[in-house]
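Right, one structure below, let's go through it.
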Amino acid sequence: MKDNKFYTLKEARSLISELRPKLQNLSRIWEELAPYSDQFEELKRNADKGGGTFGDLKHYYSYILQLNDTVNYLKKMNIELKDISKGLIDFPSLRDGRVVFLCWKMDEETITHWHEVKDGFSGRKECEEEE
């Protein structure tokens with residue numbers, strides 16, 4: 001955690017309305033990039049035969065720039081992106097003097113869970129409202 005920004009539950013929740021559309025767009029872009037993976041594989045298979053051509057490079061580059069912008073925004077905010085397709089992010093927080101993560105997916109109404117850094121999503125516990 002390079003920035004050392006820690007979020008309270010209230011602070012993290014206040015960002016949801018801003019982050020949800022960004023994560024939805026990021027997930028959409030990720031889906032748009034999926035077909036390009038096949039093109040890269042084809043280019044690799046044909047590398048010894050001169051490679052080949054890459055489809056719509058203009059759109060691919062545009063998707064990469066958009067993806068990069070959102071990822072950099074999250075990094076700047078010290079929010080960890082865990083799963084692009086699910087829109088899963090973690091907000092660093094302090095709990096009893098130790099670092100934990102407030103955990104949220106873009107399809108959830110608000111942040112209701114946290115987990116220990118080592119436990120990840122599978123170790124989620126419910127937040128207490130006064131946090």
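For this structure, a couple of remarks:
- Lysines whose Cα lies under 27 Å from that of K75, excluding same-chain neighbours fewer than 8 positions away: K2, K5, K10, K22, K58, K86, K105, K118, K125
- Inter-part distance where the range 61-130 and the range 16-35 are each reduced to a Cα centre, Å: 14 Å
- Tilt relative to the chain, helix 57-76 - C-alpha long axis, 0 to 90 degrees, to 10: 20 degrees
- Helix-only [θ]222 nm of the chain, DSSP H runs n ≥ 4, -39500 (n - 2.57) each, per residue, nearest 500: -14500 deg cm²/dmol
- Principal-axis tilt of helix 16-45 within the chain, Cα atoms, nearest 10 degrees: 30 degrees
- Compactness relative to 2.2 N^0.38 Å, alpha carbon Rg of the chain: 1.31
- By average C-beta atoms within 10 angstrom, highest first, the peptides 119-126, 77-84, 102-109: 102-109, 77-84, 119-126
- Between the listed residues H59, M106, N78, the Cα displaced farthest toward the positive end of the dipole of the range 50-110, a dipole computed from Cβ unit charges relative to the Cα centre, is found at N78.
- Mean separation of Cα contacts under 8 Å, 6 or more apart, over the residue count of the range 9-126: relative contact order %: 22 percent
FYI, it's all coordinate maths here, none of it is from the lab. Computed from a prediction, not measured in an experiment: that's the story for all the values here. Counting neighbours? That spans all protein chains shown, and the Cβs are built from the backbone with ideal geometry, glycine included.
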